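Structure first, then comments.
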Amino acid sequence: MKKSILFILTILFTMNTLDAQKKGEEVLDKTLALDLLQRTMEELEKIVEPLDSKELGYVPQNGGWSVLNCLEHLSLVEPVLFLEIKKMIETNTLNLVKDLSTEDGLIITYITDRTKKVMTPKPFRPLEANKHKTKEDFLEEIRNTRAELISLLKSTDANLRHLFGPYPYGEADAYQQFIIAAAHSHRHILQIKEILSELENKRSK
């Protein structure tokens, strides 16, 4: 399994958090999630912005998604993630006993592991209605939702570590839901890199 920069950052953050908890402090440093949300958006833009229409539309030999399909998928998923997190915060159903805070790294590992194949629900697959949309259209939609996620995380004073909701591999607290949004985009950044690597290998033959 490839080690992700997301995982490494999480380990460093968790060590600092655990040290603080040992001292009896109530800690929720939002730096990790904010950093991951910002970094993954920047990385996505850096990778796809130079791509031309042929590169964006290249379909891998295994019949998977093109780069443009990946962008469309992210544009469909991120608004739903945002609304779910917002709902968790507004509902504010606290469980002060449960604590999943030590599982941040594990969650990121599950989400970003490309060896674990996941069947994408139909609403989040490429749609006929979006065929006219361009790279710029999808990027703008992703940017807008990412800005909303970051703004919500910065502004909320909710007890994010004690609000819980599902994710594809189990349950996660509300803070982890922000991390999941970043990790999910990183998963598809890895997919985009795989697609472009295959295309480059094909061109070099």
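The values are calculated or read from the model by the stated rules, or taken from the named source; none is laboratory data. For clarity, every value in this text was computed on a predicted model and none was experimentally measured. With ideal geometry, Cβ positions are generated from the backbone for all residues, glycine too; neighbour counts draw on all protein chains shown. Just so you know, the surface numbers come from the protein's heavy atoms only, side chains and all, with ligands and any DNA or RNA stripped out. Shrake-Rupley method; radii C 1.70, N 1.55, O 1.52, S 1.80 Å.
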Projecting the Cα atoms of L68, T115, V80 onto the charge dipole of the chain, where Lys and Arg contribute +1 and Asp and Glu -1 at Cβ, the residue farthest towards the positive end is T115
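Determine the calculated [θ] at 222 nm for the chain from helices alone, applying -39500 (n - 2.57) to every DSSP H run no shorter than 4 residues and normalising by the residue count; nearest 500 deg cm²/dmol. Walk me through the intermediate numbers first.
Values: 7 runs with 127 residues, N = 205.
Computed mean residue ellipticity for the chain: -21000 deg cm²/dmol.
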GNM of the chain, Cα pairs under 10 angstrom: of T102, T40, T115, the biggest fluctuation goes to T115
Between the alpha carbon centres of the stretch 41-72 and the stretch 129-205 the gap in Å comes to 14
Going residue by residue through the stretch 189-197, the Karplus relation 6.51 cos²θ - 1.76 cosθ + 1.60 with θ = phi - 60° gives ³J(HN,Hα) values, rounded to whole Hz and with x marking Gly or Pro, of 5, 4, 4, 4, 4, 5, 4, 5, 5
In debye to the nearest 20, the charge dipole size for the stretch 123-205, taken about the Cα centre with +1 at each Lys and Arg Cβ and -1 at each Asp and Glu Cβ, equals 400
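Order 128-136, 76-84, 163-171 from most to least packed using the mean count of other Cβ atoms within 10 Å. Write out the running numbers ahead of the final one.
Details: 128-136: 11.3, 76-84: 17.4, 163-171: 15.1.
The peptides rank, most packed first, as 76-84, 163-171, 128-136.
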So for R0 = 22 Å, FRET eff. of D157-T102 from the Cβ-Cβ r, to 0.05, ends up at 0.45
Amide H neighbours of Y58 at under 5 Å, excluding residues fewer than 5 places away on the same chain, with H built from the backbone geometry, are V67
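Take the solvent-accessible surface of the protein heavy atoms, probe 1.4 Å, and return the percent of it on the chain that carbon and sulfur atoms account for.
Values: 6200 of 11340 Å².
The nonpolar share, carbon plus sulfur, comes to 55 percent.
Over 20 Å between Cα atoms, which of K117/K193; K54/K135; K46/K117; K87/K131; K46/K135; K87/K122 qualify?
Pairs exceeding 20 Å: K46/K117; K87/K131; K87/K122.
Taking only protein heavy atoms into account and a 1.4 Å probe, give the accessible area per residue of the chain in Å².
On the way: 11340 Å² over 205 residues.
Per-residue value: 55 Å².
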